[in-house]
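Novice: I'd like to ask some things about the structure below.
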Amino acid sequence: MTIARPDGPLSRLLVLDLTQFLAGPYAAQIFGDLGARVIRIEPPGGEMTRAIAPHFVKGESAYYLAVNRNKESLAIDLKTERGRAIMLDLVRRADIVLENFRPGVAARLGLGYEALKAANPKIIVCAISGFGQNGPYRDRPAYDMIVQAMSGGMSMTGELGGKPVRAGIPLADLSAGMYAVIGALAAVERVRHQGVGAYIDVSMLDCQISMLVYQAAYHLIAGEVPGPQGREHVSFPTYRAFRCADGIEIVVAANTERMWGDLCATLGCGELPADPRFRLNEDRLRHRAALASLLETAAAKIPSDDLLAKLAAAQVPAGPINTLDRVLADPQVRHRDMVVELTDGDGDSIKVAGNPLKFEGLSSCAHAYPHRLGADTADILRELLGLPEDEVARLAKEGVIAVG
């Protein structure tokens, strides 16, 4: 069953998703959320994330369900000659192929870029890997935490003076997925204007290095090698966390002189802006330890709801450090459809995180439940490739495909 939404901005695109785990499936889900027809291609035994513990719904892993909505499922053995032939036939009709095989694997399967380009000169192939298709680390395996560690980002995450820790969300995977979409869409424009496809090499490590932004500049220009940043900012001592009277912690980003003054007034410390130690941000940086003690003492006397309300009224950016139960029930999050309900063919439903891209006239709630393995195999082969019923049945019997 085709599930691309005709009102989606990418509804004219056909994307073949050969990826697994997180970075690639997340990229493909973005395409599906925006209306592209996405065909997820898995081996007949299924992609391994369908079985990741600890949470399951009807035998499917919550991990898998989180990043595979709005996709059709085609189960095919690409290690067979017939399976590869079917893949190349699909490439002739597709716009984009997403893959995250280890470098060299696609070529060994007979499905490298040259083979795909020979089948369709306009094809866009986006290959996601840990370290890219070249360089001394090319053949190393990589997962999110490995890349977080090697990128330097992990060295800056954690309590001041403490040990580095990984970010609580898989930044390396998700950033690579987003850059893959950006690169592929840039290539779509190239196809439109030049009539030629593209091969896009996305390295998870490269993506993380690009996100070092000002921290990288501070080192390259001034030689700084920061350790864990805790809940503070290297440039702004009033960009930090505070524990309130009720034990709830909030974060405040008072990054301008106006905000600094309003923060002090809100905390009942109206005298601080006149203190020579704290007059300018440069002064506050030199005396940040003394300033932190004064501000923390003041914040500890005010309940979090009261302080957040006063800061909001003063237009000083602030927010609570939410746990997941609180954020996923937050009225702003719910209003923005960032928790969506997916309903399967039996009427059972699950809730997952939503799509952050809002287009006028396009529902951000209407999404298709991740399809069971091979649910669309027969339909895809009949519709796109014109295979007769008896051949589909024969391929299933031979184990070349799996029909859900």
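The values are calculated or read from the model by the stated rules, or taken from the named source; none is laboratory data. Computed from a predicted structure; not experimentally measured. Cβ sites come from the backbone with ideal geometry, for glycine too, and all protein chains shown count toward neighbours. Remember, those area values only see protein heavy atoms, side chains included, never the ligands or the DNA or RNA. Shrake-Rupley method; radii C 1.70, N 1.55, O 1.52, S 1.80 Å.
Novice: Consider Cys269 carefully, then state whether it is without any contact (Cβ under 8 Å) to a residue 40 or more places away in the chain, of a type outside the set (Ser, Thr, Tyr), open to solvent by less than 80 Å² (accessible area, probe 1.4 Å) and part of a loop (DSSP other than H, G, I, E, B).
Specialist: Yes; evaluated as a whole, the condition is true for this residue.
Novice: In this structure, does Arg69 turn out to be charged (D, E, K, R), open to solvent by less than 70 Å² (accessible area, probe 1.4 Å), in contact with an Asp or Glu (Cβ under 7 Å, 6 or more places away or on another chain) and within 30 Å of Ser11 (Cα to Cα)?
Specialist: Judged against the criteria, Arg69 is not a match.
Novice: Gln148 passes all but one of (1) among the polar types (S, T, N, Q); (2) buried (at least 18 other Cβ atoms within 10 Å of the Cβ); (3) in a loop (DSSP other than H, G, I, E, B); which number fails?
Specialist: (3)
Novice: While we're here: Which numbered condition trips up Ile3, out of (1) assigned to a loop (DSSP other than H, G, I, E, B); (2) open to solvent by less than 50 Å² (accessible area, probe 1.4 Å); (3) modelled with pLDDT of 95 or more; (4) not aromatic (Phe, Trp, Tyr)?
Specialist: Failing condition for Ile3: (3).
Novice: What number of residues in the stretch 103-132 are within 21 Å of the chain's Cα centre (by Cα) and exposed (fewer than 15 other Cβ atoms within 10 Å of the Cβ)?
Specialist: 0
Novice: Still on this model: Can you tell me how many residues in the stretch 308-322 are without any contact (Cβ under 8 Å) to a residue 12 or more places away in the chain, part of a loop (DSSP other than H, G, I, E, B) and among the small types (Gly, Ala, Ser)?
Specialist: 0
Novice: Related question: Is it true that some residue in the stretch 166-173 is open to solvent by less than 80 Å² (accessible area, probe 1.4 Å), closer than 22 Å to Ala353 by Cβ, in contact (Cβ under 8 Å) with a residue 40 or more places away in the chain and in contact with a Phe, Trp or Tyr (Cβ under 6 Å, 6 or more places away or on another chain)?
Specialist: For the stretch 166-173, residues open to solvent by less than 80 Å² (accessible area, probe 1.4 Å), closer than 22 Å to Ala353 by Cβ, in contact (Cβ under 8 Å) with a residue 40 or more places away in the chain and in contact with a Phe, Trp or Tyr (Cβ under 6 Å, 6 or more places away or on another chain): absent.
Novice: Evaluate the stretch 221-243: report whether one residue or more is crowded, with 17+ Cβ neighbours inside 10 Å, at pLDDT 95 or above and touching a Cys at 6+ places or on another chain (Cβ under 8 Å).
Specialist: no
Novice: Scan the stretch 190-220 residue by residue and report those that are in a helix (DSSP H, G or I), open to solvent by 80 Å² or more (accessible area, probe 1.4 Å) and closer than 24 Å to Ala36 by Cα.
Specialist: The answer is Arg190, Arg192, His193, Gln194.
Novice: Considering Ala127, Ala75, which residue is of a type in the set (Gly, Ala, Ser), over 20 Å from Ala378 (Cβ atoms) and modelled with pLDDT of 95 or more?
Specialist: Going through Ala127, Ala75 in turn, the sole match is Ala127.
Novice: Residues being assigned to a strand (DSSP E or B) and open to solvent by 30 Å² or more (accessible area, probe 1.4 Å): count how many of those fall in the stretch 340-362.
Specialist: The number of residues fulfilling the criteria is 5.
Novice: For the stretch 363-404: of the residues being assigned to a loop (DSSP other than H, G, I, E, B) and open to solvent by less than 20 Å² (accessible area, probe 1.4 Å), which is nearest to Thr80 (Cα to Cα)?
Specialist: Val400
Novice: When you go through Glu282, Glu296 one by one, which is the residue that is open to solvent by 60 Å² or more (accessible area, probe 1.4 Å), over 30 Å from Glu60 (Cα atoms), in contact with a strand residue (DSSP E or B) (Cβ under 9 Å, 6 or more places away or on another chain) and in a helix (DSSP H, G or I)?
Specialist: Glu296
Novice: I'd like the residue in the stretch 256-266 that is part of a helix (DSSP H, G or I) and surrounded by 13 or more Cβ atoms within 10 Å (Cβ to Cβ) and, out of all such residues, is farthest from the chain's Cα centre (by Cα).
Specialist: In this case the residue turns out to be Ala265.
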